[in-house]
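Chemist: Okay, handing you the structure first.
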Amino acid sequence: MNDVIIRVAGSLVPAAHRAEWLAEWRSELWYVARGGHRATVFCLGAFRDALWLRRNAPLPRVYGSLLIDVQQSFPGPPPAGDSRLLESPVRCLAFLGLLAALSLAVFFLLPGARHSDRRVFLSLLTMFAVAWLIVPATTTLSLGDYPANRHWLRRRVFFAAKIALIFPTMIFSPLPVAASMGPAAATLGAAAALGSQLAFWGGVMAIRWALLDQRRRCPVCLRLLANPVRIGQSSRIFLDWNGTELVCLRGHGLLHVPESPAIWFSKQRWLYFDPSWTGLF
Amino acid sequence: MASHTAAMILQTIDAGQIYGFSVMEATGLPSGTVYPALRRLERDGLIQSHWEKQSIADAEQRPPRKYYKLTRSGRETLESSRKRYPLLARLV
């Protein structure tokens, strides 16, 4: 049983590190079991370790004309700005649009969903609105400091478009699930409750993602930033790094994200590159 | 990772030849905290790991251990942590 837990957790570890990771955890498990400790509880910790490795394991990457061997130069950058699928703003909106279209298609194709009770629909709307009140408790709403606040309209329109596309997905996708419980009055309350829960938690996660995604985009081209690099000396601030810097691969600028927000530097800051940088990109 | 967790682990490793489970036993921290902390400290160049020889483990009829030791940078960090947290030595 414990070996199965470690194996399952091991599947989260990047392949290059998996063999050694499994060897260490199996070796440690032997000592845990021998000491009469709770081996299963010990093994469950493997998931956290595996997820940490998955997020932080260094991989060499090539971006544009910038060739950076992350493994050698930057031993363990955070993976922010790593999603190639949603890198460009057009692809990001297309992906969200596809999800919205699928949700609407399912809603209109399933008769049960189409004829959902109005109260169920209203409860979903309410829960999506409540999700907006909960999000500030899970992440900051600030999108960062941008000097002269140039390109603010472009950024806000993009953010509004993301939210507009998330909205139908969050409202219409729970309806088929709620409708599958049946139209009978006895199940109406249960359907509304289930749909509301889905709309609420889905809404919290989706809005949170939209904010996080927005903070990792270049304000000029709206592409995801790349090549995260930890800066400063490690462990200087409460054994932490000073911060992380991400760069726009089109050479528009650099984003500085403080590791531990302080009074004098609480929000991420954007720095525009001047034309002297163009040779690098 | 909280700073005191890292400081406790550095202090424990400084005590001698240490592997993951012995850090857990010494600090009382759970596995889900200790192992990611060890990886992070190693990534930051504060500790270094090495596997013991298979022959040693075979002789003692147990699996080989992955030992951790402080690097020079880790030792310096521990020293500054001790100055910052004078009670650190008593915790572990």
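Chemist: Just the number: Rg to Rh for the stretch A:1-57, Cα atoms, Kirkwood Rh, two decimals.
Modeler: Values: Rg = 10.8 Å, Rh = 11.2 Å.
So for the stretch A:1-57, dividing Rg by the Kirkwood Rh gives 0.97.
Chemist: Kindly rank A:8-16, A:164-172, B:54-62 from highest to lowest mean number of other beta carbons found within 10 Å of each residue.
Modeler: Working: A:8-16: 15.4, A:164-172: 20.1, B:54-62: 10.6.
So the peptides A:8-16, A:164-172, B:54-62, ranked by packing, come out A:164-172, A:8-16, B:54-62.
Chemist: When N is the residue count of the stretch B:1-61, what does its C-alpha Rg come to as a fraction of 2.2 N^0.38 Å?
Modeler: Taking the Cα Rg and dividing by 2.2 N^0.38 Å, one obtains 1.18.
Chemist: How high is the relative contact order of chain B, in percent, counting Cα pairs under 8 Å that sit 6 or more residues apart? Display every interim value, and only then the final one.
Modeler: Working: 109 pairs, mean separation 31.9, N = 92.
Relative contact order comes out at 35 percent.
Chemist: Scan around A:Gly243 for amide H atoms under 5 Å from its own, H built in the peptide plane at 1.01 Å from N, and keep only partners 5 or more places away or cross-chain.
Modeler: A:Ile231, A:Glu259
Chemist: Using a 10 Å cut-off around each Cβ of peptide A:13-21, what is the average number of partner chain Cβ atoms that fall inside? Write out the running numbers ahead of the final one.
Modeler: On the way: counts 0, 0, 0, 0, 1, 0, 0, 3, 2.
Shielding by partners across A:13-21 averages 1.
Chemist: Continuing with this model, one more query. With labels modelled as points extended 7 Å from the Cα through the Cβ direction, what inter-label distance (nm, one decimal) is found for A:Leu141 paired with A:Leu122?
Modeler: Between A:Leu141 and A:Leu122, the label points sit 2.6 nm apart.
Computed from the coordinates by the stated procedures, all read-outs in this text should not be read as laboratory data. Note that the structure is predicted; figures quoted are calculated from it, not measured. For neighbour counting, all protein chains shown are included, and Cβ atoms are generated from backbone atoms with ideal geometry for every residue, glycine included.
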